[in-house]
Amino acid sequence: MASSKVSDALKQISNSSDKPQGFESLISQVHLASSPTQLAGDLTAILDSIFANSLGIVATRSLCGLFVQKLKTVTSNDSKIAVGEHALEVFSAQASSFEEQNAQVRELMATAYEEDEDNLSAAKVLAGIPLESSQRKVSNEDKVRFWIRITRNYLEVDDTTLAEQYLNKAKNLIYTVSDRDLNLHFKLSQARIQDARRNFLAAAQGYQDISLLPIIGEEERLHTLSMAIKCSVLAPAGPLRSRALGRLYKDERAATLEEFPILEKMFLDRLLSPEEVAKFAEGLATHQLARTSDGSTVLAKAVVEHNLRGASRLYNNIGFDALGLLLGLDGDKAEETTARMIEQGRLVGRIDQVERIIWFEGGEATGEKGSGRAEGVVGKELRRWDSNVQGLAEEVEKVTSELQLRYPDFVAKTLVV
């Protein structure tokens, strides 16, 4: 409901000969005639009166531009949103004629929603801005800016599906954008989506790349490096994760972070204690502690696989039950985990189900499916023994030859060659 002053002014404008000028004057001075509580109602009444007086498309569009500029000066977010919602309804009747004003109002509303931490509403109102239109020219950079802003709002409410949808739109044009801040937000949004979708290796690489950019502050760089370490720790154990851990371990800044002890142990394939894991879990986000289909957490699964790799460095062979005791699992679950890692090429070994023993083979798995299966050839251990004996004999031969070269008289007297 409009205030009495604004209602009287609107009646005078309707009876005047120069209506556009009257509306311009009223819009510019409405804040003087209205109290903060009445301003939203007065602005709504002014907009309705502009369209009711049929001033023509050119004059109406010009007055709507002034109306939007006045709406920008409103300090109350609730008033901005209320007036904005009504304005969008009015503009929708002639959508093609007021695309620019529609976009400006939606941006204002989105900013108000963001300040009120209503990110879902902000994303939805921004998504309604027409970016492909013959009536309104939008540059590639502006399109990317809108899509990334929508993506970031959806990420704040953990809706990674819609966030990824808009990020994919930006991905097709980001190569044309030179703005460094926009490229940074794109990379960060991409890493956050990969993190949320548990694609931890890709997320770790993205976070680490961001941590090396000079355009962000030192504190933010250390924070993204910390996120990279967390994602690497949560990634499935195997050669790919080992390489990711190696890159982070060699980063001199990593030693200053709280996550460094667990990073070091994982990189060096040392066993992790429950206390160390619990301390690390305190710094993880909610989605990183979510439970998987088998009821275990992502962290628990990652730690079990890591400790299994650590055990493969300590033992040539181990029984199912003994391995289960080491991993905190029962014997059958330990066998199942080992079999899966061998099949996926993340661990080299073989399983003797009759004797209930796991044999670990030397060397590093390639990460290719099936590459972890070791051939259980009869007499393989004997041939390994023969190879070791042959190596020892060759080393003795080298020593003897060196003695003959340096001390021929001694060799002639004491050794039989």
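Scanning the stretch 170-198 for residues that are open to solvent by 60 Å² or more (accessible area, probe 1.4 Å) and not in a helix (DSSP H, G or I), we see that the one that is farthest from Gln288 (Cα to Cα) is Ser178.
Taken as a whole, the structure leaves Leu201 outside the set of residues that are within 20 Å of Arg340 (Cβ to Cβ), part of a helix (DSSP H, G or I) and open to solvent by 70 Å² or more (accessible area, probe 1.4 Å). Counting only residues that are in a helix (DSSP H, G or I) and at pLDDT below 75, which one in the stretch 18-49 is most open to solvent (accessible area, probe 1.4 Å)? Within the stretch 18-49, the match that is most open to solvent (accessible area, probe 1.4 Å) is Leu32.
Residue pairs whose Cβ atoms lie under 9 Å apart, separated by 6 or more positions or on different chains, with the first residue in the stretch 316-335 and among the polar types (S, T, N, Q) and the second open to solvent by 50 Å² or more (accessible area, probe 1.4 Å) and part of a helix (DSSP H, G or I), do not occur. Inside the stretch 176-198, residues that are within 9 Å of the chain's Cα centre (by Cα) and not charged (D, E, K, R) make up a count of 7.
Of the helices (runs of 4 or more DSSP H) entirely within the stretch 273-335, those holding at least 1 residues that are at pLDDT below 85 occupy 298-314, 320-327.
In this entry, Glu258 is excluded by the filter for residues that are in a helix (DSSP H, G or I), without any contact (Cβ under 8 Å) to a residue 60 or more places away in the chain and either crowded, with 18+ Cβ neighbours inside 10 Å or among the acidic types (Asp, Glu) (or both).
For Ala103, the requirement of being under 26 Å from Lys169 (Cβ atoms), in contact with a Pro (Cβ under 9 Å, 6 or more places away or on another chain) and open to solvent by 40 Å² or more (accessible area, probe 1.4 Å) is not met. Annotation: Ile57 fulfils all but one of (1) over 26 Å from Ala110 (Cα atoms); (2) in contact with a Gly (Cβ under 8 Å, 6 or more places away or on another chain); the unmet one is (2). Out of curiosity, is Glu115 without any contact (Cβ under 8 Å) to a residue 12 or more places away in the chain, surrounded by fewer than 19 Cβ atoms within 10 Å (Cβ to Cβ) and not hydrophobic (A, V, I, L, M, F, W, C)? So Glu115 does not fit the description; no.
For the stretch 128-162, a residue qualifies if it is within 21 Å of the chain's Cα centre (by Cα) and open to solvent by 40 Å² or more (accessible area, probe 1.4 Å), and the qualifying residues are Arg145, Arg149, Arg152, Glu156, Val157, Asp158, Asp159, Thr161, Leu162. Being in contact with a strand residue (DSSP E or B) (Cβ under 9 Å, 6 or more places away or on another chain) and at negative phi holds for only one residue in Glu305, Glu335, and it is Glu335.
The values are calculated or read from the model by the stated rules, or taken from the named source; none is laboratory data. All values derive from a computational prediction rather than experimental measurement. A quick note on method: Cβ atoms are made from the backbone with ideal geometry, for glycine too, and the neighbour counts reach across all protein chains shown. Note: accessible area is taken over every heavy atom of the protein model, side chains too, but ligands, DNA and RNA are not part of it. Shrake-Rupley method; radii C 1.70, N 1.55, O 1.52, S 1.80 Å.
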